[in-house]
1. From the list 107, 52, 46, exactly one residue is under 23 Å from residue 23 (Cα atoms), in contact with a His (Cβ under 7 Å, 6 or more places away or on another chain) and open to solvent by less than 20 Å² (accessible area, probe 1.4 Å). Which is it?
2. Which of the residues belonging to the range 35-65 are in a loop (DSSP other than H, G, I, E, B) and free of Cβ contacts under 8 Å to residues at least 40 places away in the same chain?
3. Inside the range 104-155, can you point out the residues that are out of contact with any Cys (no Cβ under 6 Å at 6 or more places or on another chain) and of a type in the set (Ser, Thr, Tyr)?
4. Taking residue 24 as meeting all but one of (1) within 21 Å of residue 148 (Cα to Cα); (2) free of Cβ contacts under 8 Å to residues at least 24 places away in the same chain, write down the number of the exception.
5. Out of the residues in the range 72-98 that are in contact with a Pro (Cβ under 6 Å, 6 or more places away or on another chain) and without any contact (Cβ under 8 Å) to a residue 60 or more places away in the chain, state the one that is surrounded by the most Cβ atoms within 10 Å (Cβ to Cβ).
6. Does residue 67 fit the bill of being closer than 21 Å to residue 11 by Cβ, in contact with a Ser or Thr (Cβ under 8 Å, 6 or more places away or on another chain), modelled with pLDDT of 95 or more and open to solvent by 10 Å² or more (accessible area, probe 1.4 Å)?
7. Looking only at residues in the range 124-140 that are without any contact (Cβ under 8 Å) to a residue 24 or more places away in the chain and either touching a helix residue (DSSP H, G or I) at 6+ places or on another chain (Cβ under 8 Å) or not basic (Lys, Arg) (or both), which one is surrounded by the fewest Cβ atoms within 10 Å (Cβ to Cβ)?
Amino acid sequence: MPLKDYTENVERVQRALGRGFAEEPWILNMPGRSIACKIDHLHYLAVMPAFAEQLGRLAGMFPDQVIESLIRTGNFITKGPDRQPAMPLTVSWGGRPVTIRAAFVDADFIDRAVKTYGNLSTPLNLSDLRISSADRERVEAFFADKTPPQGLAYY
């Protein structure tokens, strides 16, 4: 059985995300409203399953195809052996903390989408979304052998 090439799916998702952002900029970087927010220069925090569902709708794919493609290409941060990208995290953006199911997305994937297909000349700035410091140890364990979010990603 030949190996599956996920590059085409990722390109399709990236193109759809960029175009979706061009039409509705609030889908990114507006905490409480967006499907993903930039938390440091390397990572976005995506709200799950909304992120996969929205990208699936935009790209004409099933959410599980979006998730598998992003996992297989390293655009979703995962921890072996189950390689599940989502985990519960407590977040805040200036108000009352909220617990959400979240996944970490490689910032380059989203930044390329908005620059290449979303008519944005520069990457998005950091959002106001922050992760609870109480979750930091768990997040860093999840990122074992990878670069974890910077200190500025926490409150």
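1. 107
2. Of everything in the range 35-65, those that are in a loop (DSSP other than H, G, I, E, B) and free of Cβ contacts under 8 Å to residues at least 40 places away in the same chain turn out to be 35, 62.
3. Answer for the range 104-155, where residues must be out of contact with any Cys (no Cβ under 6 Å at 6 or more places or on another chain) and of a type in the set (Ser, Thr, Tyr): 116, 117, 121, 122, 132, 133, 147, 154, 155.
4. The number of the failed condition is (1).
5. My answer is 76.
6. no
7. 137
The values are calculated or read from the model by the stated rules, or taken from the named source; none is laboratory data. No experiment lies behind these values; they were computed from the predicted model shown. Backbone-built Cβ (ideal geometry, glycine too); neighbour counts: all protein chains shown. For the accessible areas, the whole protein counts, side chains as well, though only heavy atoms, and no ligand, DNA or RNA atoms are used. Shrake-Rupley method; radii C 1.70, N 1.55, O 1.52, S 1.80 Å.
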